[in-house]
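For reference, the structure is listed below as C-alpha cells.
What follows draws every value from the coordinates through simple rules; no lab data is involved. The structure displayed is predicted, hence computed values, not measured ones. Here Cβ is always computed from backbone atoms with ideal geometry, including for glycine, and neighbour counts include all displayed protein chains.
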Amino acid sequence: MGAYILRRLLIAIPSLLGISLILFVVLALAPGDPFGELAANPNVPPEVRAALRLKFGLDDPIFTRYLRWLWAMLHGDWGFSFASRVNVDTLILQRLPTTLFVVGSSQILALLVAVPVGLYAARRPYSLADQVANTLAFVGFSLPTFFTGLLFILLFSIKLGWLPFVYQANLPGTGLAWAWESVRQAIMPVAVLGFFQAASYTRYVRASALDVARLDYVTTARAKGLTEGTVTRRHIARNALIPVVTLVALQIPAVFGGAIVTEQIFRIPGIGSLLIDAMLANDTPVVMAVTFVFAGLVVLFNLVADLLYGWLDPRIALR
Amino acid sequence: MDERDLRGLIGRVKSGELSRRGFVQRMLAVGLSAPLAGLMLADNGVAMAADLRAAYKPAKAGGGGALRLLWWQAPTLINPHFAIGTKDQEASRIFYEPLAAWDPDGNLVPVLAAEIPSKENGGLAADGRSVVWKIKPGVTWHDGKPLTADDLVFTWEYARDPATAAVTIGSYKDCKVEKVDDLSIRILFDKPTPYWSDAFVGTVGMVIPKHLFSAYTGAKSRDAPQNLAPVGTGPYRFLEFRPGDIVRGERNPTYHLPNRPYFDSVEMKGGGDAVSAARAVLQTGEYDYAWNLLVEDEVLKRLETGGKGRVDVVYGGKLEFLLLNTTDPNVEVDGERSSLKTKHPAFSDPKVCHAMNLLVDRKSIQDYIYGRTGRATANSVNGPERFVSKTTRYAFDPAKANALLDEAGWAKGSDGIRAKDGKRLKLLFQTSINAPRQKTQAIIKQAAAKAGIEIELKSVTGSVFFSSDTANPDTFPHFYADMEMYAISMTQADPSTWLLQYVSWEAATKENKWQGRNIARWRNADYDAAYKAAQAELDPVKRAALLIKANDLAVSENILPLVHRAEVSGVSATLVAPRSGWDNDLSFLPEWSREA
C-alpha cells in the first residue's frame, strides 16, 4: 500500500510539470496584454506601459519566465497579481471560503436528492416513479447552469421578488436576520448547481443499484424474509454506493475550483469568478496559480478515489 | 452694457448674489454666446460650483442609510496612481480627493483647494509658467492628521518617479511642484502652459498622504499596505476591500464640506455583466446605482418600465470614429505594412475621403443603433462647449459622393465596382467585435456599395484589437486595413492631449512599436502649426479658436467622427446623483443624497 502511494505520487510529479508547462505556454501565446487598457488612454504615455512590462518581467523570453515561475512556486511563492498588485495566495485564500460554502452545499444538496431518488427509482425499474425520475434527471443535466440560473433569476427575483440575485460574501450584521439573509442569497446558486449535479448522480445511483439488486446475496436476503426496506438499506445501498463515493471524491477538486458560470451569473466572489476575471484582465500569475492548484487537486483526488475504492471494496487490490 | 456693468455682474456672480445660469442668460440676451460667457466667468475665477453644490438638500450629515453601488467590472486595487481602469479610479475616488474636480460643463470646482487659481486671485502667473494652489484649511486625513502642502509635494514626487510605475506619471513628469507655505503649493512649468489644470485635478489628481506612503516610494511602492486599505480625505472612510469583489466604506464624520455626506455607509459591489447590473437597479431595486451600462438602448427602455429606476446619461469626451488609412496596408516596406513611405491608392486623395464621409449615414446610426446613448457628430472635439466647432456639418449624400468619385477618376466598371488605373476600389474595413459596431459596419457597407465601393468587413476580438502586442497584426495601432472604427475617450476637459492624436510626429510606425497616437497616419502641416500655436497661447479665447481650427482640419479628410457617446448609468428612482462626464462617476459623491 505504502509503495503504491509513493509510486503514484512520483508519477504525479512529471504530469504536474507537464501540465504547468503547457498552461504557461498557452497563456504566454494567447493574445492580450495586462496593461492593454492603458494603451487606449491618451493620458498615459507609452513609456509607463513599457516600464510596467519591464517591472513585471513580461518582456523576457517565455522559457525564462516559466523557470522563474516554477522556481518561485517550489518555494511556495504563488506569484504577484498584475491587476491587484497583491500576492496571489492572498487573493485565493480570500475567495476560498465562499466557494467552499456555495459549491460544497450544492454537492451536499445533490447527494441528498440523488441517493434517495436513485435508490427509489431502482426499486421498481420502469415504473411510473422511475420514468419520472429518469426524465427529470435527463432534463436536469441537459440544461446548462447559465440557462437555469437566468431562469431562476427571472422567476424568483424579477417576477416574484422573493430572492436577491447579487451574492455578497460577507454581509454586514449579526444574529438571526443575518443568518437568514445569508441563506436567502445562497438558495438560488446552490439550487442551480445542486440540481445539475443531482441529475447525473441520480443516474449513477440508479444504475449501480440495479446492478447490485440482481446479485445472489440480495435474493438470499429476500429469501430470509427481510423486509424490502431493510434489503434496500442494508444490502443494496451499501454496495451500490461504492462507485458513487469515488465519483464524489473526483468532484472534490471542483468544490475548490468553484463554478465559473454560476459564480459569474450570481456575482459570487469565489475562485471561479477570480479565474475568469484574471483571464479577462490577462493577469497571468493568478490564472497560473488557480489552474495549477486545480490540476494538483485533480491529481491528488484521483489518487484518493483509487485508495477509497480499494478500501471500500476489498476485492480490488492496489499494486 | 459696458465694461463696468459687466464687471459688476461678474462680481455679483462671485459673491453668490447672481447664479451662474442667470449671468449666462443675461449675456445671451445681449447677444453673447453661452460658451463665451462661460469663458468670461472662468477667466474671472468663477466656476459652476455654486450651482452644483447649491442643489444639495439634506440639512445634516448622515442619516441616509446605505448607498449601494454596482460596478459590473470589479475594482482590483485602490491606489489612484496605479488604477489600470476606470473601475479602480472610481473605487479610489470614494476615499481620495483631488484639489479640484471637473463639473458637467467642463469647469473646475474646488474640492481640496480653497479656490480655483485665476489671474484675479493671483494664482495664475502672467507668463503662464506657474500656478499657485491654495489648500482649504482644516482638512484632515481619515486618521486625523492634517492635510498640508507636504502631502501634495509628496504626491508629485511619488507619481513622477518612473520606478513607482504610476499610471498618472504623464500628468506629473513635466512639471515641478514646490511648497510655498503649509497651505499652498506652486506648480512650475518649463514653458508657458495654458492647460495648467492637469496635475492634482480630476481623475489623475487624487492626493495621497505623505505620512503613510513615504516609506513606499519607487520600487517599494507595490508593498504599501495602503494600496489595499486607503486613508484619504474623502466623504467615506475605508472599511473593507476584497479585490475583484467589493469595497465598503463608512461615513467620515470629520468631512470638510458641511452637512455632507448624506449616507451612513457606501458599498461598491463588482462583477457580473452590464445587463444584469441594469436589472438590479432598474427592475428589482436591489442596488441604487449601476455604472457604465453598455447595453443597447432598446433593452434599457424595456428594463426601465419596471419603474424602480431611471437611465441617466451624461456626455463626456467618448467618441466613436472611423479612420481612413492614408498609407497603403497592402504594401510591405521594411517589414511593415501601412508604412509612412507608402500612399493609400484611394484615401490619399481628399476627394475620395469626402465621398466616403458623405456615405456614412450618421443619423441612422444614431437613431437605430445608439438611441439615447449617443448623438451623431461631425466633430472630433465634442466638449466642453467652449471648444466645440460650430461650422462643421455632416451629411448623407450618395449622389454627391458618386459625383466626387467620378471627378477623382474612379470610374464604374461593368460589375458596378469603381476602378482607377486597373485598381478596383475594394476596401477592408475592420473593427472590434461588439454588436453596435457590427451594425454600423453593415450600414456603411450598404451605402458604399451604392456608390460602387466594395467593402469587406472584418471584426477582431476586443482583447486582440485593443492590445499593444507588437507582434500581432490585428491590433488597431497596426491598422493593416483600409478603414477602421473604434472609440476612445477624451478624459480631460481640455482637448490638448486629445488632439495630439492627429499631429504628424505621433504617427504609429514600426519604429515606435506602434505606440504613436496618430493611427490614421494623417499628416498635415497646417494642423501641426495650429496645434503647436495652441500649446503656447495663453489667451483662453484665442487658444480655443486655435483648437477649434485644429478640430476642423482634422475632420476634413481622413478622420470621420461618427457618434459622441454618452456615459450611461442606471440610477434608483429615489437617488439624487449629480455626476460629470468630464470626471469620475463618483467625483461628486459628497453631493449624492436620496429624495423621498
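From the P(r) of the stretch A:174-319, can you give the percent of Cα pairs sitting at distances over 20 Å? Before the final figure, lay out the partial values.
Details: 6899 of 10585 pairs.
Beyond 20 Å sits 65 percent of the P(r) for the stretch A:174-319.
Diagonalise the Cα gyration tensor of the stretch B:410-477 and give the resulting equivalent ellipsoid semi-axes, square root of 5 times each eigenvalue, largest first, whole Å.
Working: eigenvalues 159, 48, 7 Å².
Each semi-axis is √(5λ); the values are 28, 15, 6 Å.
Which value, in Å to one decimal place, does the Kirkwood hydrodynamic radius take for the stretch B:331-381 when every pair of different Cα atoms is included?
On the way: mean 1/r = 0.0728 Å⁻¹.
Every distinct Cα pair counted, the radius reaches 13.7 Å.
With a ≥ b ≥ c the root eigenvalues of the C-alpha gyration tensor of the stretch B:42-179, is it rounded (a/c under 1.5), prolate (a/b larger than b/c) or oblate? Write down the numbers at each step before the final one.
On the way: a/c = 1.65, a/b = 1.10, b/c = 1.50.
In terms of gyration-tensor shape, oblate.
From the residues B:A290, A:V245, B:A525, which one has its Cα farthest along the dipole of the protein assembly as shown in the positive direction, the dipole being from +1 and -1 charges on Cβ of Lys/Arg and Asp/Glu about the Cα centre?
With unit charges placed on the Cβ atoms, the residue in question is A:V245.
What is the Å³ per residue value for the convex hull set by the Cα atoms of the stretch B:357-478? The partial results should precede the final answer.
Details: hull volume 18.9 nm³, N = 122.
Considering the Cα atoms of the stretch B:357-478, their hull volume per residue is 155 Å³.
Using alpha carbons only, what's the Rg to Rh ratio of the stretch A:50-121 with Rh from Kirkwood?
Working: Rg = 20.6 Å, Rh = 15.8 Å.
So for the stretch A:50-121, dividing Rg by the Kirkwood Rh gives 1.31.
Any idea which of B:Y96, B:G205, B:W582 is furthest toward the positive side of the dipole for chain B, if Lys and Arg beta-carbons carry +1 and Asp and Glu beta-carbons -1?
Going by the Cα projections, it comes out as B:W582.
Taking the Cα centre of chain B as origin, sum charge times position over the Cβ atoms of Lys and Arg (+1) and Asp and Glu (-1), and report the length of that vector in debye to the nearest 20. Don't skip to the end; give the middle numbers.
Values: 74 positive and 73 negative charges, 139 e Å.
For chain B, the charge dipole is close to 660 debye.
Local charge sum around A:I271 (other residues, Cβ-Cβ under 10 Å, Lys/Arg +1, Asp/Glu -1)? Walk me through the numbers on the way to the answer.
On the way: positive: A:R95; negative: A:E263.
It works out to a net charge of 0.
Tally Lys/Arg at +1 and Asp/Glu at -1 over every other residue whose Cβ is under 15 Å from the Cβ of A:L247; what's the total?
Details: positive: A:R203, A:R206; negative: A:D211, A:D306, A:D313.
Net charge in that neighbourhood comes out at -1.
Any idea which of B:L427, B:V460, B:H354 is furthest toward the positive side of the dipole for the stretch B:345-487, if Lys and Arg beta-carbons carry +1 and Asp and Glu beta-carbons -1?
Going by the Cα projections, it comes out as B:H354.
Given q = 0.17 Å⁻¹, what are the Debye log10 I(q)/I(0) values for the stretch B:430-565, with equal point scatterers placed on the Cα positions and solvent ignored?
Summing over Cα pairs of the stretch B:430-565 leads to -1.03.
Averaged over every viewing direction, what's the projected area of the C-alpha convex hull for chain B? Give it in nm², one decimal, please. Provide the component values of the computation, followed by the final result.
Working: hull surface 112.0 nm².
Taking the Cα atoms of chain B, their convex hull projects to 28.0 nm² on average.
Give the order of A:T64, B:T193 when sorted by the count of other beta carbons within 10 angstrom, beginning with the fewest.
A:T64, B:T193
So how compact is the stretch B:177-275: Cα radius of gyration and Dmax in angstrom?
When restricted to Cα atoms, the stretch B:177-275 yields Rg and Dmax of 17.2, 51 Å.
Near B:K412, which lysines are there with a Cα under 23 Å away, not counting those fewer than 8 places off in the same chain?
List returned: B:K343, B:K351, B:K400, B:K420, B:K423, B:K426, B:K445, B:K450.
Could you work out the per residue convex hull volume over the alpha carbons of the protein assembly as shown, in cubic angstrom?
Working: hull volume 194.2 nm³, N = 915.
Enclosed volume per residue, from the Cα hull, is 212 Å³.
Restricting everything to alpha-carbon atoms, can you work out Rg to Rh for the stretch A:80-228 with a Kirkwood hydrodynamic radius? Could the numbers behind the result be given before it?
Details: Rg = 20.8 Å, Rh = 18.4 Å.
For the stretch A:80-228, the value is 1.13.
As a footprinting exposure proxy, order B:E178, B:E250 by other Cβ within 10 Å, with the fewest listed first.
Details: B:E178 12, B:E250 17.
Exposure proxy ranking, most exposed first: B:E178, B:E250.
Taking 7 Å along the Cα-to-C-beta vector as the label spot, tell me the A:V304-A:Y217 distance in nanometres, rounded to one decimal.
For A:V304 paired with A:Y217, the spin-label model returns 2.7 nm.
Can you put A:L17, B:L560, B:L359 in order of Cβ neighbours within 10 angstrom, beginning with the fewest? Working shown, then result.
Details: A:L17 11, B:L560 23, B:L359 27.
Result, fewest neighbours first: A:L17, B:L560, B:L359.
With +1 on each Lys and Arg Cβ and -1 on each Asp and Glu Cβ, how big is the dipole of the protein assembly as shown about its Cα centre, in debye rounded to the nearest 20?
Values: 98 positive and 90 negative charges, 434 e Å.
The dipole of the protein assembly as shown has a size of about 2080 debye.
With each run of n ≥ 4 DSSP H residues scored as -39500 (n - 2.57), what mean residue ellipticity at 222 nm is computed for chain B after dividing by its residue count and rounding to the nearest 500 deg cm²/dmol? Don't skip to the end; give the middle numbers.
Details: 16 runs with 152 residues, N = 596.
Calculated at 222 nm, the ellipticity per residue is -7500 deg cm²/dmol.
Considering Cα pairs under 8 angstrom that are at least six residues apart, work out the relative contact order of chain A and quote it in whole percent.
Working: 345 pairs, mean separation 82.8, N = 319.
It comes to 26 percent, rounded to a whole number.
Could you give the length gained on full extension between B:E595 and B:A399, defined as 0.36 nm per residue of separation minus the Cα-Cα distance, in nm? Mind showing how you got there, number by number?
On the way: separation 196, 0.36 × 196 = 70.56 nm, distance 5.40 nm.
Taking B:E595 through B:A399 to full extension adds about 65.2 nm, to one decimal.
Could you give the dipole magnitude of the stretch A:70-190 about its Cα centre, charging the beta-carbon of Lys and Arg +1 and that of Asp and Glu -1, in debye to the nearest 20? Spell out each step's value before the answer.
Numbers: 6 positive and 4 negative charges, 57 e Å.
For this selection, approximately 280 debye.
Hey, what do the phi angles of the stretch A:264-270 turn into as Karplus ³J(HN,Hα) couplings, whole Hz, using 6.51/-1.76/1.60 and θ = phi - 60°, x for Gly and Pro?
Values per residue, Gly and Pro as x: 5, 4, 9, 6, 7, x, x Hz.
I'd like the projected area of the stretch B:291-410, averaged over all directions, using the convex hull of its alpha carbons. Report it in nm² with one decimal. Walk me through the intermediate numbers first.
Values: hull surface 44.8 nm².
Mean projected area for the stretch B:291-410: 11.2 nm², to one decimal.
Given R₀ = 56 Å, FRET efficiency for A:T174-B:D367 by Cβ-Cβ distance, to 0.05? Can you show the working numbers first?
On the way: r = 53 Å, r/R0 = 0.95.
The calculated FRET efficiency here is 0.55.
Counting helices only, and only those DSSP H runs with n ≥ 4, report the 222 nm mean residue ellipticity of chain A as the sum of -39,500 (n - 2.57) divided by its residues, in deg cm²/dmol to the nearest 500.
Values: 13 runs with 226 residues, N = 319.
Calculated mean residue ellipticity at 222 nm is -24000 deg cm²/dmol.
Using the C-alpha gyration tensor of chain A, what are the square roots of 5 times its eigenvalues, in whole angstrom, with the largest one first? Intermediate results must be reported in sequence, preceding the final value.
Working: eigenvalues 382, 155, 47 Å².
So the equivalent ellipsoid measures 44, 28, 15 Å along its semi-axes.
Using 7 Å Cα-to-Cβ label points, what is the B:K301/B:A449 separation (nm, one decimal)?
Taking the two extended label points, one gets 2.7 nm.
Between A:K55 and A:L10, how many nm apart are label points set 7 Å from Cα along the C-beta direction?
Between A:K55 and A:L10, the simple spin-label model gives 4.6 nm.
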